[in-house]
Amino acid sequence: MSHLVTEQAKAETGAPLGLYVHVPFCASTCDFCAFYQVKPTARSVDGFLTGIARESEMVAWDRPLTTVFWGGGTPGLLSPGDLRRLGVVVRGIPGGATMQEWTVELAPASVTPERLAALREIGVTRVSLGVQSFQPGLLDALGRQHTREQVDRAYDRIRSAGFASVNLDLMFALPGQTAEEWAADVREAVSRGPDHISTYCLTFEEDTALWVKLSQGRVKLDPEHEARLYEATWAQLGAAGYGQYEVSNFARPGHACRHNLNTWRMHEWVGLGPSAASQQAGCRGANVADLDQWLAHLSRGERVTEDRVALTPALLAEDALIFGLRLNAGVNVVEWRDRCPDAPWLAVEALLTRLVEDGLALREDGTVRLTDRGRLLADSVGAEVMAAFAEEAVAL
Amino acid sequence: MPAKNTRNFCIIAHVDHGKTTLSDRLLEHTHTIEQRVMTDQHLDSMDLEKERGITIKSHPVTMTYRAKNGQDYKLNLMDTPGHVDFSYEVSRSLAACEGAVLLIDAAQGVEAQTVANAHLAFAQKLKVIPVINKIDLPSANLELCTRQLEDILSIPAEEAILASGKSGIGIEDILEAVVARVPSPRWTDYPQTRCLVFDSLYDSYRGCIAYVRVFSGTIKAHDMMMLMSNGQKAEVKEVGVFMPKMTKIGSLGAGDVGYIVSSIKNTADVKTGDTITLAARPATDMLPGYKEVRPLVFCGLYPLESDDYEKLKAALGRLRLNDAAFVYASESSLALGFGFRCGFLGLLHMEIIQERIRREHGVDIISTYPSVIYHVIKQGGEEMDVDNPVNMPDPGTILEIKEPTIHASIILPNDSMGDILSLIMEKRGVCEHTDTLDMNRVMLRCVLPLNEILVDFNDRLKSITHGYGSMDYELGDYLTSDLVKMDIMINGDPVDAFACIVHREKAEAKGRQLCEKLAEIIPPQMFKVAIQAAIGGKIIARDNVREMRKDVTAKCYGGDISRKRKLLDKQKEGKKKMKLIGKVSIPPDAFIKVLQNN
């Protein structure tokens, strides 16, 4: 453990670099999920693993990795052998064996001692378990494939395996869910003592079964209800010792997800796998969201082929504000101003002043952060930030 | 046919008393038009007219009738506009006649418009032939009708003809009465040609077509004519009569009703009430009664979709061609964008123009609150007319404001009396007379400020009286009143579209109502937004727009950043389409909803 800490301290002297691996396999599709995923077959898994190795070789690794995150899909659907195979690729990357944090998302049904052993062996430090709810009825309604018993068994196994940090993912504002039921879910999660809890307000994403239900009027949105659930959650988790550090994320001291924090602070990360996004070397973009096409691109030596954007200092400053304001710690505006003096700070200042005046934000020294009320309106705030940047760009 | 065998007459009636059906029967009976080509309400050609059972444009028609005395007569029937907004037009149509058939619905009896129209006819010294129509209705009450004729209109009951346009009863009696009772054309021996313009029509090929009644002399193609109001001369291209379609003939002579096509293109140049004479031998005196028509009621008209501005402009231009009484000028509003300030003869005229823009020209529009013309006398004696509240000068500079009033005649069932009196009081009216019409009805004569009847007076009258009440009015004097301009402000910035001129005592209630409505209709906002009503800087009512509660996206990780940016960008673009007032982005339809709701 002490070895790990020393390594962390060393890596932190340089700019962080994250690695995201998208494992696109799922046994079935949850009603709320819009991520790219396919049904696993021996051939597709082998193709995927080969592809990750090839893609990793194509990346210009200019400094050691600081964090890794395997998401999906369901990385836990890979066999222990395949997990090791994927682990080898990661460990082969500079810094890949001396990471601060290595997270793997697991679905309760796929948590076996063998898989957990494989993950520990390759160096995974953090497990994120997709619980969503402890209420059987609501799990059914979401199309999830696990039971409450499976959740408990999975959690116990993860804890016994000795990972440094464990997260539970929960969802709220589910169709038909009452405020009491949600409070009970939070209580249940807290009672298990995870290090980190993520609570996601159900979002209606296009191309999901839920979206279809919403557009057919079978499910109704109620922002007031959602706002109350948000507020109740923040209070409940805060009282239980889980400090909120982002709109949907809570952790015991020292357990905030570094990988995600780095992303929100507009540091760099490399994404491997179909649909994975990258932000590196002055460019942001994503891989194609199709296993075969992704492989085809790789064979031609191409990656990050979709939605490519050149990262100018102004764009980074804009996004650092938009995404940083979602963090409870807020954004150090002075720092970004120094990094990017040409950005439209006049318009931004006017906006920030207004946010503070209206009780949506607080300002201390160089840092601006949203109040609870402001955080509930982070999208509107983000759109205002964009407008401020656009406004000045036109004026200039 | 000699002028002594010509009869010029019109039919006047309250709405729905069967004027158009009766006109149709007369046309059939005289074989002016055959039954098989007769659509119901032949004379009312505009869809709107048919729907509302009112006449907006004049539709004259010439009939030939062999009377029982064996002689042939030329009967010119003028179908007059039937609404107080067009009272000047009505008076010109009546001036073109020597007689009027006054229709009374046997079941309804005399109504407010019956009285008003009868008085107009008397004023023009027309021979009035009373006809009680719809006598075959089970609810017909002949005894009541004849008594009302005598009591209210002072017309001898024995003159009344009993008829039913629907069943064709009494049609011949009416035609015989027109021949026997209506005098032959007057003023035929005036030495020069004089024709009264009683309407005009714009034709895209032929320009302005003047509808005329020839009083003396003749007029024919290639004559050089002159408009006596302004001396404008033009060559006559064609003359003709209405059969009922326009039919070209060699010349129009004394007593004739017909049309003149000239080299004048613009209908605004050929004003209703003007006298046409011949340039070579001009008359020295105009026919009596000409006046310039000025709009009384104003409002802003704006396209719902700003892209429709040009379409609206074209529509207004077309409507203006056919309707010289309608005026417009471009204006712009912070809240509503680019549009037009429009002037109308009255409320119905305003409603009809708006409806025609929507239907015939396919432009969706929103109108601001109607306004009247206020006479403002400023400190130091300077006077000005204000037809748009936005132009009202600073209250500190105003000595007094005068507003137009009307003299209204309201006929209502006895049991609605209390409620109607309250309504009149609420509208700042004063009742001057109460006349009992019969067992069940009374007629109130009252003075009301014109601006108080602009919006919902008639609707409320109808609703209180369950449809039995009716109203007619004529313009009264300008009277000094304690009027103020009220501004509605969003975060301190006035919203021009809601500025209005109200009586001081009603300002607070109206201000509160508007603030509430806006607060309710403007979607929840991220920032705090105050809505205030103010008079000259003093806040008299306020409300707050609801605060937005939650719009945060739950999941936002590396892969979501691009998507999220797109989402926010969409949101930002959406805001651009909104009206920015007092730093508040407001969807344009929010204002529209408030205006529509009031």
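The values are calculated or read from the model by the stated rules, or taken from the named source; none is laboratory data. Everything numeric here is computed off the predicted structure, so don't read it as measured data. A quick note on method: Cβ atoms are made from the backbone with ideal geometry, for glycine too, and the neighbour counts reach across all protein chains shown. Ligands, DNA and RNA are excluded from the accessible area calculation, which covers all protein heavy atoms including side chains. Shrake-Rupley method; radii C 1.70, N 1.55, O 1.52, S 1.80 Å.
Descriptive notes on the structure:
- Exactly one residue out of A:E384, A:E392 is at pLDDT below 95, under 28 Å from B:P523 (Cα atoms) and more than 8 Å from every other protein chain (Cβ to nearest Cβ), and it is A:E392.
- Among the residues of segment A:75-85, those identified as touching a strand residue (DSSP E or B) at 6+ places or on another chain (Cβ under 7 Å) and open to solvent by less than 20 Å² (accessible area, probe 1.4 Å) are A:P75, A:G76, A:L78.
- Among the residues listed as A:L202, A:L261, the single one being within 10 Å of another protein chain (Cβ to nearest Cβ), open to solvent by less than 50 Å² (accessible area, probe 1.4 Å) and touching a residue at least 24 places away in the same chain (Cβ under 8 Å): A:L202
- Any hit, segment A:269-276, residues being more than 9 Å from chain B (Cβ to nearest Cβ), open to solvent by less than 10 Å² (accessible area, probe 1.4 Å), under 18 Å from B:T553 (Cα atoms) and in contact with a Gly (Cβ under 8 Å, 6 or more places away or on another chain): no
- Hits in segment A:221-247 - residues which are in contact with an Asp or Glu (Cβ under 9 Å, 6 or more places away or on another chain) and facing chain B (nearest Cβ under 10 Å): A:P223, A:Y230, A:E231
- Pairing each residue of segment A:373-389 that is over 23 Å from A:D342 (Cβ atoms) with any residue that is of a type in the set (A, V, I, L, M, F, W, C) and in a helix (DSSP H, G or I), provided the two are 6+ apart or on different chains, yields C-beta distances under 7 Å for A:G374/A:L355; A:G374/A:V381; A:L376/A:A227; A:D379/B:L568.
- Qualifying residues in segment A:1-17 (those that are in a loop (DSSP other than H, G, I, E, B) and modelled with pLDDT under 70) - the one least open to solvent (accessible area, probe 1.4 Å): A:E12
- Test: residue in segment B:162-177 that is within 19 Å of B:I12 (Cα to Cα) and without any contact (Cβ under 8 Å) to a residue 24 or more places away in the chain: yes
- Residue under evaluation A:R363, criteria (1) assigned to a strand (DSSP E or B); (2) touching a strand residue (DSSP E or B) at 6+ places or on another chain (Cβ under 7 Å), criterion not met: (2)
- Looking across segment A:279-298, the residues that are small (G, A, S) and either touching a residue at least 60 places away in the same chain (Cβ under 8 Å) or part of a loop (DSSP other than H, G, I, E, B) (or both) come down to A:A281, A:G282, A:A289.
- Any chance A:D342 is at pLDDT below 95 and within 10 Å of chain B (Cβ to nearest Cβ): no
- Residues in segment A:88-110 that are surrounded by fewer than 23 Cβ atoms within 10 Å (Cβ to Cβ), not in a strand (DSSP E or B) and not polar (S, T, N, Q): A:V88, A:V89, A:R91, A:G92, A:I93, A:P94, A:G95, A:G96, A:A97, A:A109.
- Test: residue in segment A:321-330 that is of a type in the set (F, W, Y), surrounded by 15 or more Cβ atoms within 10 Å (Cβ to Cβ) and within 27 Å of the chain's Cα centre (by Cα): yes
- Matching residues, segment A:18-48, being without any contact (Cβ under 8 Å) to a residue 40 or more places away in the chain and open to solvent by less than 20 Å² (accessible area, probe 1.4 Å): A:V45
- For B:C515: the one exception among (1) of a type outside the set (S, T, Y); (2) open to solvent by less than 10 Å² (accessible area, probe 1.4 Å); (3) in contact (Cβ under 8 Å) with a residue 60 or more places away in the chain: (3)
- Selection status of A:G374, closer than 23 Å to A:A256 by Cα, open to solvent by less than 20 Å² (accessible area, probe 1.4 Å) and within 11 Å of chain B (Cβ to nearest Cβ): yes
- Of everything in segment A:320-334 that is in contact with a Phe, Trp or Tyr (Cβ under 9 Å, 6 or more places away or on another chain) and outside any loop (DSSP other than H, G, I, E, B), the residue that is farthest from the other protein chains (Cβ to nearest Cβ) is A:V333.
- On the stretch given as segment B:354-404, residues that are out of contact with any Cys (no Cβ under 6 Å at 6 or more places or on another chain), in a strand (DSSP E or B), open to solvent by 10 Å² or more (accessible area, probe 1.4 Å) and polar (S, T, N, Q) total 0.
- If the condition is being more than 15 Å from B:D79 (Cβ to Cβ) and either of a type outside the set (G, A, S) or part of a helix (DSSP H, G or I) (or both), then segment B:96-107 contributes B:E98, B:I104, B:D105.
- Within segment B:561-578, the only residue that satisfies the criterion of being open to solvent by 60 Å² or more (accessible area, probe 1.4 Å), of a type in the set (A, V, I, L, M) and at the interface with chain A (Cβ under 9 Å from one of its Cβ atoms) is B:L567.
- Restricting attention to segment B:276-321, the residues being in a loop (DSSP other than H, G, I, E, B) and within 23 Å of B:A497 (Cβ to Cβ) number 4.
- Of all the listed residues (B:T193, B:T218), the sole one being of a type in the set (V, I, T), crowded, with 23+ Cβ neighbours inside 10 Å, in contact (Cβ under 8 Å) with a residue 24 or more places away in the chain and in contact with a Leu (Cβ under 8 Å, 6 or more places away or on another chain) is B:T193.
- Pairing each residue of segment A:345-362 that is within 12 Å of chain B (Cβ to nearest Cβ) with any residue that is open to solvent by 40 Å² or more (accessible area, probe 1.4 Å) and at pLDDT below 95, provided the two are 6+ apart or on different chains, yields C-beta distances under 6 Å for A:D358/B:K528.
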